[in-house]
Amino acid sequence: MITFVLNNQIVHTDKAEGTALLDFIRDDSSLPGTKIGCREGDCGACTVLEGTLKDGRVLYKSIVSCLTPLGNAHGKHIVTLEGINMNDLSPVQKAMVDNAATQCGFCTPGFIMSFTAHAMSHQKVNTKGAIDAVSGNICRCTGYKSIERAAQAIAEAMQNKDLKEPVKWLVEKHYLPDYFLKIPKMLREIESPEIEFDENHKIMGGGTDLLVQQHDKIAESPINRFYLKDDLKQITVANNRVIIGAACTANDIALSELMQDFFPKIKEQFKLISSEPIRNTATVAGNIMNASPIGDLSIFFLALNASVILNNKKQQREMPLKDFFLDYKKTAIEQGEFIEAIAFQKPEKGVLVNYEKVSKRTHLDIASVTSAIKIIVEKGIIEACSISAGGVKAIPLFLNKTSEFLTGKNLTPEVIQKANEIMQTEIAPISDVRGTTEYKRLLLKQILFAHFMELFPGHVAKDGLLR
């Protein structure tokens, strides 16, 4: 039995855990404000809020309900457009109306829920943050300028928001319905069953890949709800290693203070990965298990020389992530195993990391080519270097020969040019909808140069030597 709070009501259902939350909201709960759009997580029309009880308070984030398995709603607070309606318009709703930020209206519920999630967060609300919050929402009517003006109006209305108790502040200002204050108690009363691994049932993380690829099959299937296990959502440091639980999402990683200490630009770099609601849902283990040649998180952690920690309930084993990918969509995982965590050495002093991605759109798109680099340079000498690339072979690729060549070399334009020649021998891109073979080779060359121009702008980019 799946139990959760839907708006202000506790729901009990025995529907298949793989059912899309979107279908349950519309068909079983008769809440049509949540719209059916692309069913691929791209348009944002189905955006709802997910609230999770933590340390006595509920933390909210935006998710796309089309790619959220119903089983993952267990023990959560799911909020639809109907769940924020009051006698008067909320500041978010009013801003959309006053700025003529809607025309056909189909996308409007998704925009309102994404803006509301930002208002309910513990972050200071400003115009840029509000616009970032709707990165996963597409509108085909307004041209976006009116929506940007609405974002500015929302930011102005939230200037004095209590960052410690945002939900309480919003309720007291009559910006949210009163029932939100009762949600922590309602969630505490929901029992969380022990989640056991069953190798006969598919493990579902965020569902952002599987529910696109196998929607009909999964909709009728029981799944392993490992996404709900708290011990798989931790980011810790032990024995000089950083360990990231399998159920950590892209935003868990990007917004982690620990990860930001190690990688100061990770928050901005991870904005190249899909959109806000997808980053709120997509798990690191799901990205790795999908084994896509352009898996964003796989590429990032390959450059960190990460290892994947596997478990089969009896014993644990560990292997380098670069050895985990065998062929297109094939991995070294064995029957009965699951990914428990990934781990990498705690970054030492002087380590620099950069992540680059090229796609047809800058944001909310799948990469044509992507790459990450980890490098240490002392007195002009490359002490250590590891580079990964995506979209240039059948697997997420660790550029072993290129990394070995650069290690120990002087940091000069000539060395980087030679590294590109070696790199070109390691890759085998194919022509597809995201670019021709020649185009992808050129892209990776430019990305290699971009890594060095970003990390060492005054050292190797003089006189346009890296064009």
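Values for this structure:
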read-out	value
Distant-in-sequence amide H partners of ALA341 (H built 1.01 Å from N, under 5 Å)	ALA246, ILE309
TYR144, TYR175, reordered so the largest accessible area comes first (probe 1.4 Å)	TYR144, TYR175
For ARG241, distant residues with modelled amide H under 5 Å away	LYS346
Cα centre as origin, Lys/Arg/Asp/Glu Cβ charges: the chain dipole, Debye	1040 debye
From phi via Karplus (6.51, -1.76, 1.60), per-residue ³J(HN,Hα) for the range 125-137 in Hz, x at Gly/Pro	8, 9, 4, 4, x, 5, 5, 4, 5, 9, 5, x, 10
Protection proxy ranking, peptides 280-286, 81-87, 430-436, 242-248, average beta carbon neighbours within 10 Å, highest first	280-286, 242-248, 81-87, 430-436
Mean shadow area of the range 102-195 over all directions, Cα convex hull, nm²	8.0 nm²
Built amide H within the under 5 Å cut-off of LEU326, gap 5+	THR331, ALA332
Relative contact order for the chain, counting Cα pairs under 8 Å that sit 6 or more residues apart, in percent	12 percent
Radius of gyration and maximum dimension Dmax of the chain, Cα, Å	22.9, 68
³J(HN,Hα), Karplus 6.51/-1.76/1.60, whole Hz, each residue of the range 159-168, x for Gly, Pro	4, 9, 4, 6, 6, 7, 10, x, 5, 4
Full-stretch length increase - GLN213, VAL97 - with 0.36 nm per residue and alpha-carbon distance subtracted	38.1 nm
Within the chain, percent of DSSP bridges classed antiparallel, to nearest 5	95 percent
Per-residue ³J(HN,Hα) for the range 269-276, Karplus 6.51 cos²θ - 1.76 cosθ + 1.60, θ = phi - 60°, Hz, x for Gly and Pro	5, 6, 5, 6, 8, 6, 9, 3
Listed peptides 91-100, 210-219, 365-374 by packing density, highest first (mean Cβ within 10 Å)	365-374, 91-100, 210-219
Efficiency of FRET between PHE106 and LYS379 - r from beta-carbon atoms, R0 51 angstrom, step 0.05	0.30
Calculated [θ] (222 nm, deg cm²/dmol) that DSSP helices of n ≥ 4 give over the chain, each run adding -39,500 (n - 2.57)	-8000 deg cm²/dmol
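The values are calculated or read from the model by the stated rules, or taken from the named source; none is laboratory data. What you are looking at is a predicted structure, and each value in this text was computed from that prediction instead of being measured. Heads up, the Cβs are rebuilt from the backbone with ideal geometry, glycines too, and the neighbour counts pull from every protein chain shown. Accessible surface is based on the protein model in full, side chains and every heavy atom, while ligands, DNA and RNA are left aside. Shrake-Rupley method; radii C 1.70, N 1.55, O 1.52, S 1.80 Å.
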